[in-house]
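Asker: Structure below; questions to follow.
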Amino acid sequence: METLREKTKEIKIGNVWIGGRYPIAIQSMTNTKTEDVSATVRQILALEAAGCEIIRCAVPTMEAAVALKEIKKQIHIPLVADIHFDYRLAIAAIENGADKIRINPGNIGSEDRLRAVVEKAKEYQVPIRVGVNSGSLEKNLVEKYGGVTAEGIVESALDKVRMIEEMGYDNLVVSIKSSDVMMCVKAHEMIAKQCPYPLHVGITEAGTLYSGNVKSSVGLGIILNAGIGNTIRVSLTGDPLEEVKTARLILKTLGFRTGGIEVVSCPTCGRTKINLIELANKVETMVADIPLDIKVAVMGCVVNGPGEAKEADIGIAGGIGEGLLIKKGEIVKKVKEEELLETLRQELLNWKE
């Protein structure tokens with residue numbers, strides 16, 4: 001049965017397609033000054049390497065809009081310009097090579113100004129992401145629904161979409177975001193039944209690495225598992241690389257992506273005789289760039305290690321000053337504790353099915 005995700009219009013952003021049956025694309029946003037071309041390019045290239053497929057940059061000044069042209073020359077993924085308030089920046093961003101622009105038609109100004117942006121997007125065939133956040137919901141909708149609600153967010157977004165459609169343009173992506181996870185879920189369930197365009201999904205202002213990861217994983221997990229959403233951005237207060245890592249893991253956990261090593265580890269207990277937390281973190285860092293689609297287990301003791309690692313392709317289990325290398329639940333060999341990490345690394349580098 002076709003999901004709501006698969007029923008959406010297909011939209012081309014640079015060299016990436018979203019919507020319809022295309023894979024759910026991972027996005028992030030730079031936190032450098034866009035005017036600083038070298039710093040922005042450096043960050044984007046690192047995000048590309050981590051698995052980012054679409055990147056967005058803030059464009060608060062004309063200098064930033066012009067900088068997009070040089071940034072585009074040095075990166076390999078679609079570049080989205082994030083615009084607020086000044087319609088001239090949206091026009092300049094398109095002229096300087098933005099592959100998509102993100103605007104909230106409600107804060108871009110008069111109808112004439114919005115029309116000027118739409119006409120420029122139409123001329124260059126650049127998609128417009130219509131973005132509405134719960135924090136900027138119009139006063140009349142807050143009053144109508146007795147506060148900020150999912151119904152109000154959806155009505156606001158559909159009103160904005162209609163405005164652009166009436167100007168003769170339907171090359172659109174829609175996003176509705178809230179920091180209230182369950183409100184966000186409800187809003188997406190509502191809009192997905194009414195909106196033919198691809199949905200950009202995220203939990204806005206999700207917070208720091210810890211709270212942001214939890215809120216994003218819960219919210220995105222529910223929404224994506226319901227067959228809704230064509231591209232995602234995990235919003236975290238921190239390094240954008242962490243956003244991409246989390247997005248990849250969410251998609252992999254839900255079965256939307258394969259590839260990359262999955263690390264599983266036990267929660268530690270009184271039997272643990274090694275620094276398992278440090279070891280598990282080291283393993284996770286070590287395997288990040290190894291292109292295998294397997295599961296690696298890191299276990300804290302030799303009592304249950306082999307059994308717990310049975311579901312994994314390979315694993316290590318620590319003991320007192322030594323540890324075991326385990327493959328498919330079978331003990332392969334015993335090595336010194338300080339050699340565990342390197343032993344595992346060599347096994348992965350020389351992996352054969």
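The values are calculated or read from the model by the stated rules, or taken from the named source; none is laboratory data. None of these values were measured; they are calculated from a predicted model. Every residue, glycine as well, gets a Cβ built from its backbone with ideal geometry; the counts of neighbours run over all protein chains shown. The protein model used for the area step is the full one, side chains on, heavy atoms only, and it has no ligands, DNA or RNA in it. Shrake-Rupley method; radii C 1.70, N 1.55, O 1.52, S 1.80 Å.
Asker: Most mobile of L340, L47, L172 per a Gaussian network model of the chain (Cα springs, under 10 Å)?
Answerer: With Cα springs under 10 Å in the chain, the top fluctuation among L340, L47, L172 is at L340.
Asker: Okay, moving on. How long is the gain from D239 to A46 if the chain were fully straight, where each residue apart is worth 0.36 nm and the alpha carbon distance is subtracted?
Answerer: Between D239 and A46, full extension yields 68.4 nm more.
Asker: How big is region 167-285 on each of its three principal axes, counting only the C-alpha atoms and giving the largest first in Å?
Answerer: Sorted largest first, the three principal extents are 66, 28, 25 Å.
Asker: Okay, moving on. Treating the angle as unsigned and between 0 and 90°, give the value, to the nearest 10°, between the Cα long axis of helix 150-165 and the longest Cα principal axis of the chain.
Answerer: Result, in degrees: 60.
Asker: Accessible area per residue, 1.4 Å probe, Å², for the chain: what's the number? Walk me through the numbers on the way to the answer.
Answerer: Numbers: 16250 Å² over 353 residues.
Each residue of the chain exposes 46 Å² on average to a 1.4 Å probe.
Asker: From the cross-link list K73/K122; K9/K215; K33/K295; K12/K177; K122/K177, which pairs have alpha carbons spaced over 32 Å apart?
Answerer: Details: K73/K122 23 Å; K9/K215 28 Å; K33/K295 38 Å; K12/K177 22 Å; K122/K177 26 Å.
Over 32 Å apart, Cα to Cα: K33/K295.
Asker: Tell me, what is a quarter of the convex hull surface for the C-alpha atoms of region 22-69, in nm² with one decimal?
Answerer: Over all viewing directions, region 22-69 projects a mean Cα-hull area of 3.6 nm².
Asker: For the chain, find the longest principal axis of its Cα atoms and tell me its angle to the long axis of helix 240-253, 0 to 90°, nearest 10.
Answerer: 70
Asker: Which of V332, V214, V142 moves the most in a Gaussian network model of the chain with Cα springs under 10 Å?
Answerer: Evaluated over the chain, the most mobile residue of the options is V332.
Asker: Among rounded, prolate and oblate, which fits region 1-118 when a ≥ b ≥ c are the square roots of the eigenvalues of its C-alpha gyration tensor, a/c under 1.5 means rounded, and a/b larger than b/c means prolate?
Answerer: oblate
Asker: Can you give the helix-only mean residue ellipticity at 222 nm for the chain, where every DSSP H stretch with n ≥ 4 adds -39500 (n - 2.57) and the sum goes over all residues, rounded to the nearest 500 deg cm²/dmol? If you can, show how the numbers build up before the last one.
Answerer: Values: 12 runs with 141 residues, N = 353.
Value at 222 nm, helices only, nearest 500: -12500 deg cm²/dmol.
Asker: Which one, (1) 84, 62, 42; (2) 73, 45, 35; (3) 60, 45, 34, gives Cα extents along the principal axes in Å as derived from the coordinates shown?
Answerer: Read-out from the structure maps to (2).
Asker: Per the 1.4 Å probe, what fraction of the accessible area of the chain, in percent, lies on carbon and sulfur atoms?
Answerer: Values: 8320 of 16250 Å².
Carbon and sulfur together cover 51 percent of it.
Asker: Let me ask something else about it. Give the Cα extents of region 123-217 along the principal axes, in whole Å, largest first.
Answerer: 43, 31, 22
Asker: Quote to one decimal, in nm, the extra length available between E311 and N107 on full extension: 0.36 nm per residue of separation minus the C-alpha distance between them.
Answerer: Net length gain for the segment: 68.2 nm.
Asker: Which distance in nm do the two modelled labels at N15 and F256 give, with both placed 7 Å along the Cα-to-Cβ direction?
Answerer: A separation of 2.3 nm, rounded to one decimal place.
Asker: In degrees between 0 and 90, to the nearest 10, how far off the longest principal axis of the chain does helix 209-225 point, with axes built from Cα atoms?
Answerer: 70
Asker: Can you give the local net charge around A90? Use residues other than it whose beta-carbon is closer than 13 angstrom to its beta-carbon, Lys and Arg +1, Asp and Glu -1.
Answerer: Local net charge: +3.
Asker: With a sphere of radius 12 Å drawn around the Cβ of K252, what net charge do the other residues whose Cβ falls strictly inside it have (Lys, Arg +1; Asp, Glu -1)?
Answerer: Working: positive: K245, R248, R257, K295; negative: E262, D293.
Result for the local shell: +2.
Asker: Among H84, H76, what's the order by accessible area (1.4 angstrom probe), most exposed first?
Answerer: Putting H84, H76 in descending order of accessible area: H76, H84.
Asker: Residues with beta-carbon under 11 Å from that of L4, excluding L4: net charge, scoring Lys, Arg +1 and Asp, Glu -1?
Answerer: So the environment of L4 carries a net charge of 0.
Asker: From the phi angles alone, apply the Karplus equation (6.51, -1.76, 1.60; θ = phi - 60°) to region 187-196 and give each ³J(HN,Hα) in whole Hz, x where the residue is Gly or Pro.
Answerer: Per-residue couplings from phi come out as 4, 5, 4, 6, 6, 4, 7, 10, 10, x Hz.
Asker: Then there's this: Run the numbers on the chain and let me know its relative contact order in percent, using alpha-carbon pairs under 8 Å that are six or more apart.
Answerer: Once divided by the residue count of the chain, the mean separation gives 13 percent.
Asker: Taking amide H atoms as placed 1.01 Å from N in the peptide plane, list the residues 5 or more away in sequence, or in a different chain, whose amide H sits under 5 Å from that of R56.
Answerer: Amide H to amide H, under 5 Å and 5 or more residues apart or across chains, R56 pairs with S28, M29, T30, V80.
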